[in-house]
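Worksheet: one structure, shown below.
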C-alpha cells in the first residue's frame, strides 16, 4: 500500500444510485457556460472557441511493477484554453479518471483563473488507477513515466501541473525532478516552475497546502458578513477530509465553528459535540481515511446528508449531491470545496429551499491563486513569507467574492452564473483585442 499521505480531496465513488443516468460533467459545465453567455451577450464565435478544449492529449506508457510485471497505464492532459496565459491545472490519480471529467475540470480552471485575474488558462490531467493500491516505489515510477510521456506538452511557460485528488507535494517533487532531468543541465534550475504545489524545500511556497481550504473560508466569512450570520458557535458538516476539507475545518475551528458530521470514501461519522479538526486531520494523514477514528459514531450516507447544521462543505468528488441528497439537506449555506459537487438537479432543489451556494469556481479558487504566487516566486528566485502569501490570498478572494455578489445582484442571476459571467467577460475582452491569427 502507498505510504504517500492523504488524498488531496478525500474521495468517494460517483454514480451511487442504481438507475442513475450517466452523469456528463462536461455537458453540465457547458450548460453553465451557455447560461452565462446569454446573460453577458457573449460573441458567438468566442463561445465556439471555448466550447471545446484546445488540445486533448492521451498517452499510454509502460511501468515495471514491483513484481517485475510490466503494466501499461493510460494518462491524460487536457489543455482547455491559453489566451490569458499558460495552461494550468491539477493532476488527478484516481480510478474514475475519464476524458469527460478532465475536460470539464480543465474548462473550470479557465473560468477560475479569469475570475481571479490570474494570467493562466485552464488545464487538467490524470491517470486512471487507484494510487492506494500501489507501493511508494511503484507510485514514483508511474509519476516519472507519465511526466516523461507528456514530454514537451508541458513546460513552465506553457502548461503547469499541480496536485489534485490522489496527488500531493511529494508527487509534484518527482514530476519536477523528472522534467528537470529531461531538459538538459544548462536549463535545469530555470524550470522549477514546471509544477506548483511542491514541497517548500523543493521550491514550493508557504501557505500552498492550506490555500484551497483557506480561500473557501474567506468566502464563508464574507458571506456571513453579508447575511448577518455568526460563524462563532455555528455547526457544519464536511464531505471529504483530504487537503481541502481538513484545512477548511481547522480554519473554521479557529473561528469558533464546530464540525458535527464528516464523511469520506471509507464512510461517515457523527459527533454532536463536534470533532477536533486538528486530531482528525492528523488521523487521516497517518491512516489515509477517517475510518476507525475514535471520536465519532458511524452513520449512513443518508443520515450524514440529513444531519441538521448551519453549513455543508462538499470537499470530495463531483456529482455527490443530486435530488435525493438535496432533499435531505437542512443547512443555510453550501460552500463548494470540491469541483462540481452539486449536480444541476441538486443545485436547483437547494436554491428552491433557500440554501445559499458558494460556487466552486469562486469558493475553491484559493489553490490556483497561491499556485500562481508560487510560480511567480520561482520565476523571480524569491521566497515570500507566509504573511505575504496569506495577505495576498485574502485580498484576492475578498475582491472576487464582492465582484461575483455585485454581478449576481445587478443581473439577477445565481452566484454560479455570475462567476461564469465575469470570467467570460474577461476572456471575451482579450479575444476582441487580439482577434484570430492569421
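The values are calculated or read from the model by the stated rules, or taken from the named source; none is laboratory data. Note that the structure is predicted; figures quoted are calculated from it, not measured. So basically every Cβ, Gly included, is an ideal-geometry build from the backbone, and we count neighbours across all protein chains shown.
Screening region 55-103 for strands (runs of 3 or more DSSP E) wholly inside it with 3 or more residues that are over 28 Å from residue 370 (Cα atoms) returns the ranges 55-64, 70-81. Filtering region 139-157 to residues that are touching a strand residue (DSSP E or B) at 6+ places or on another chain (Cβ under 7 Å) and not in a helix (DSSP H, G or I) leaves only 154.
The condition of being touching a helix residue (DSSP H, G or I) at 6+ places or on another chain (Cβ under 9 Å), crowded, with 19+ Cβ neighbours inside 10 Å and in contact (Cβ under 8 Å) with a residue 24 or more places away in the chain holds for only one of 253, 248, that being 248.
For every residue, the table says whether it meets (1) within 18 Å of the chain's Cα centre (by Cα); (2) more than 29 Å from residue 309 (Cα to Cα); (3) free of Cβ contacts under 8 Å to residues at least 60 places away in the same chain.
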position	(1), (2), (3)
364	yes, no, no
369	yes, yes, no
392	no, yes, yes
398	no, no, no
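Which one is farthest from residue 97 (Cα to Cα) among residues in region 109-128 that are out of contact with any strand residue (DSSP E or B) (no Cβ under 6 Å at 6 or more places or on another chain) and outside any helix (DSSP H, G or I)?
117
Only one of the numbered conditions (1) modelled with pLDDT under 95; (2) within 25 Å of residue 346 (Cα to Cα); (3) in a helix (DSSP H, G or I) is not met by residue 304, and that is (1).
Return yes or no: is residue 313 buried (at least 21 other Cβ atoms within 10 Å of the Cβ), touching a residue at least 40 places away in the same chain (Cβ under 8 Å) and not in a helix (DSSP H, G or I)? Here the answer is yes, as residue 313 does meet what is asked.
Every condition in (1) assigned by TED's automatic domain parsing to the domain that holds residue 323; (2) surrounded by fewer than 18 Cβ atoms within 10 Å (Cβ to Cβ); (3) free of Cβ contacts under 8 Å to residues at least 60 places away in the same chain is met by residue 344 except one, and the failing one is (3). As a summary of the residue check, residue 330 satisfies the conditions (1) at pLDDT 95 or above; (2) crowded, with 22+ Cβ neighbours inside 10 Å; (3) not in a helix (DSSP H, G or I) except for the one numbered (2). Residue under question is residue 355, and the condition is that it be modelled with pLDDT of 95 or more, farther than 19 Å from residue 244 by Cβ and either touching a helix residue (DSSP H, G or I) at 6+ places or on another chain (Cβ under 6 Å) or in the same structural domain as residue 229 (by TED's automatic domain parsing) (or both); does it hold? Answer is yes for this residue. Across region 114-137, the qualifying residues are those that are buried (at least 16 other Cβ atoms within 10 Å of the Cβ) and out of contact with any helix residue (DSSP H, G or I) (no Cβ under 9 Å at 6 or more places or on another chain), and the one among them that is modelled with the lowest pLDDT is 132.
Scanning region 169-202 for residues that are surrounded by fewer than 22 Cβ atoms within 10 Å (Cβ to Cβ) and in a loop (DSSP other than H, G, I, E, B) turns up 181, 182, 183, 184, 199.
Every condition in (1) buried (at least 18 other Cβ atoms within 10 Å of the Cβ); (2) under 20 Å from the mean Cα position of the chain (by Cα) holds for residue 223 except the one numbered (2). For region 247-260, the criterion of being within 30 Å of residue 24 (Cβ to Cβ) and modelled with pLDDT of 95 or more is met by at least one residue. Restricting 288, 242, 295, 233 to those that are modelled with pLDDT under 95 and surrounded by fewer than 17 Cβ atoms within 10 Å (Cβ to Cβ) reduces the list to 295.
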